[in-house]
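As C-alpha cells, the structure follows; a few thoughts come after it.
The values are calculated or read from the model by the stated rules, or taken from the named source; none is laboratory data. Owing to the predicted nature of the structure, the values given are computational and were not obtained by experimental measurement. Here Cβ is always computed from backbone atoms with ideal geometry, including for glycine, and neighbour counts include all displayed protein chains.
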Amino acid sequence: MEPQAPIGSPRAPPGRGLGNAQGTAQSLEVRLKSRSHRQALASVVIPECRDCGVCCFSLRPEHVRVWEIDRERMGEQLVERYTQLVDGIRYMRMTRGCCDALVVDPVHRRFACGIYEVRPDTCRGLQRGSSGCRDEIVQKHDRPVALLGKLGR
Ligand code: SF4
Ligand code: SF4
C-alpha cells in the first residue's frame, strides 16, 4: 500500500510555523526588492515545510536523482509511478512544475511528500533552515503559490 501523506513536511520534520505559502512568498518578495541576493538569503524567514514545499518544485526533469538505494527503498510500484528515465538516468518525475509525489492540499494551502518514509536520499539531505533550503526559497518562492493559483486557490 502506498504510504500516506505525512503530517509533516516535504523534506524535513515540522518546525515552527510562520504562516502559509502566500504569506511566505509575499514577505520574501518585499525583501528581495530591497536587498541583494546574499542579504535576502540571510533574511529569509523559514516557514514550516508544510506551508512551503518549494524544494519539491523545479522545471528541470533532473531535479531529484533516484539512486539504486532509493529504488530499493521505494519499491518497484512507487518507482514506476513516480520516477522516470532521462537519458538513461532515473529521476523523480516532474509534471506540474513539481515532483509528482508532492501532495498539494489546495484547501488548506499545504504541501506534503506522498512518499515521505521512502523519499530519495537527495530529499533527505536537504535540511530545513540550511543554506540550500534558503537558496531554494529565494529562487523559487513564488512557484507553490502559482500552482495553488492554477488550482483555484
Ligand atoms: S525549502 Fe526548506 S522550508 Fe521549504 S519545504 Fe524545503 S526544506 Fe522545508
Ligand atoms: S520525493 Fe518529491 S515530494 Fe517527496 S520530498 Fe522529494 S521532491 Fe519532495
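Observations on the model:
- Counting the residues of segment 72-95 that are more than 16 Å from ligand 1 (Cβ to nearest atom) and farther than 14 Å from residue 116 by Cα gives 16.
- Taking segment 85-119 as the range and being in contact (Cβ under 8 Å) with a residue 12 or more places away in the chain and of a type in the set (Ser, Thr, Tyr) as the test, the residues that pass are 91, 116.
- Residues in segment 50-66 include none that are among the aliphatic types (A, V, I, L, M), surrounded by fewer than 17 Cβ atoms within 10 Å (Cβ to Cβ) and within 14 Å of residue 119 (Cα to Cα).
- Of the set (1) modelled with pLDDT of 60 or more; (2) under 21 Å from residue 146 (Cα atoms); (3) outside any helix (DSSP H, G or I), all apply to residue 18 but (1).
- Residue 108 being of a type outside the set (A, V, I, L, M) and away from ligand 1 (no atom under 12 Å from the Cβ): yes
- Subset of segment 70-122 [within 12 Å of ligand 2 (Cβ to nearest atom), part of a helix (DSSP H, G or I) and in contact with an Asp or Glu (Cβ under 9 Å, 6 or more places away or on another chain)]: 70, 73, 78, 79, 81, 82, 118, 121, 122
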